[in-house]
Amino acid sequence: MLVIVGDSHISAMRDAFLQRQDANEFRSSRGDIRIAQLGYGYHFLEPFFEVRDEGVGFTQDTARAVFTRLNFDGAPVIEPNDSRSFVFVFGLYPSLGFNQKYWKTHTAAIWAEDRQFVSQAAFDAIIDDLTRQPMAFFEELLSMGVRFSVASCCPVPASYKTGADDPFEEHEISFIYDRFRDRVCAKLDALGIAYHLPPREIYDEHGAMRDEFALSPGDYHANADYGRLMLAKILREIDDTVAPAGDATNFEHRRMRLG
């Protein structure tokens, strides 16, 4: 069984999966595919799990209830050497990283001269602090021999705006997203944890998501067209199918922990 769970960015893949379920478009060598949203991005930046004798369980009410329903025929926790494979869609969501209220007086973009520059080392420290909880979760699963990988949220759409008093320069938000992604991916690499990045074809020339894949104009969520591409890429990578040569987002199968 392949269990795909995470924050609200999982909805694009869930919608695509449900739309194409009758056509049996999405299949995995891991068996049945089950997809569900456990919460929102910020829920995974605060304590959300606990280690029990029987395994790792989610502590937030909604996440615990959804995970239990999704695994109605199995364990309501993640067990040591679990027979299931997992994809977690959280940990690569910048969330507070580009909340505009934090950037009114500071910036990580060196070309934005109207605010105090934040060095890469300082921004890395911010990212490390924001991602303490998901990284601790991943490290615990590693120690338990669980088969899992981590999937990125969609990139920030080109039309994304944080509000009327948005302080950001052009392309600054996508720059913050890229810096956040690269830092977290480096941490996952260091641990040997596999991850899935968005398909190359959804990006524009500035590294933002093309607006045609946004759920609605300016929304930082993707639609089912994006979800179809991303889910297909995840399943292809999990099943160890070689992606096209030269694809900058190729999955590195040497990092796989999926058997």
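Annotations
- Where residue 110 falls short, out of the listed (1) closer than 23 Å to residue 221 by Cα; (2) surrounded by fewer than 18 Cβ atoms within 10 Å (Cβ to Cβ); (3) touching a Phe, Trp or Tyr at 6+ places or on another chain (Cβ under 8 Å); (4) at pLDDT below 90: (1)
- Single unsatisfied condition, residue 87 versus (1) touching a strand residue (DSSP E or B) at 6+ places or on another chain (Cβ under 8 Å); (2) in a loop (DSSP other than H, G, I, E, B); (3) crowded, with 19+ Cβ neighbours inside 10 Å; (4) not small (Gly, Ala, Ser): (2)
- Scanning region 59-80 for residues that are out of contact with any Asp or Glu (no Cβ under 8 Å at 6 or more places or on another chain) and either buried (at least 16 other Cβ atoms within 10 Å of the Cβ) or of a type in the set (Ser, Thr, Tyr) (or both) returns 60, 62, 63, 64, 66, 67, 68, 70, 71, 76, 78.
- Verdict on residue 150 being of a type in the set (Val, Ile, Thr) and surrounded by fewer than 21 Cβ atoms within 10 Å (Cβ to Cβ): no
- So residue 178, is it of a type in the set (D, E, K, R), part of a helix (DSSP H, G or I), within 25 Å of residue 58 (Cβ to Cβ) and without any contact (Cβ under 8 Å) to a residue 60 or more places away in the chain: no
- Residue 145 vs. criteria at pLDDT 90 or above, on the phi > 0 side of the Ramachandran plot and either open to solvent by less than 40 Å² (accessible area, probe 1.4 Å) or within 14 Å of the chain's Cα centre (by Cα) (or both): yes
- Residue within region 95-107 that is more than 18 Å from the chain's Cα centre (by Cα), in a helix (DSSP H, G or I) and surrounded by 17 or more Cβ atoms within 10 Å (Cβ to Cβ) present: no
- Near pairs, Cβ below 8 angstrom, 6+ apart or cross-chain, from region 1-15 (assigned to a helix (DSSP H, G or I)) to any residue that is among the polar types (S, T, N, Q): 8/37; 10/37; 11/37; 12/223; 14/37; 15/223
- Per-region count, region 34-65, residues among the charged types (D, E, K, R), in a strand (DSSP E or B) and at pLDDT 95 or above: 2
- Residue count for region 16-28, restricted to those that are among the hydrophobic types (A, V, I, L, M, F, W, C) and in a loop (DSSP other than H, G, I, E, B): 2.
- Condition check for residue 31: free of Cβ contacts under 8 Å to residues at least 40 places away in the same chain, closer than 16 Å to residue 148 by Cα and assigned to a loop (DSSP other than H, G, I, E, B): yes
- Hits in region 41-72 (condition: among the aromatic types (Phe, Trp, Tyr), within 23 Å of residue 31 (Cα to Cα) and without any contact (Cβ under 8 Å) to a residue 60 or more places away in the chain): 72
- Taken together, the residues in region 183-209 that are touching a strand residue (DSSP E or B) at 6+ places or on another chain (Cβ under 7 Å) and either modelled with pLDDT of 90 or more or open to solvent by 40 Å² or more (accessible area, probe 1.4 Å) (or both) amount to 8.
- Tally, over region 187-211, of residues that are part of a loop (DSSP other than H, G, I, E, B) and closer than 14 Å to residue 142 by Cα: 3
The values are calculated or read from the model by the stated rules, or taken from the named source; none is laboratory data. Predicted, not measured: the structure shown is a model, and the values here were computed from it. We place every Cβ from the backbone using ideal geometry, glycine too, and count neighbours over all the protein chains shown. Protein only, heavy atoms only, side chains kept; ligands, DNA and RNA dropped before computing areas. Shrake-Rupley method; radii C 1.70, N 1.55, O 1.52, S 1.80 Å.
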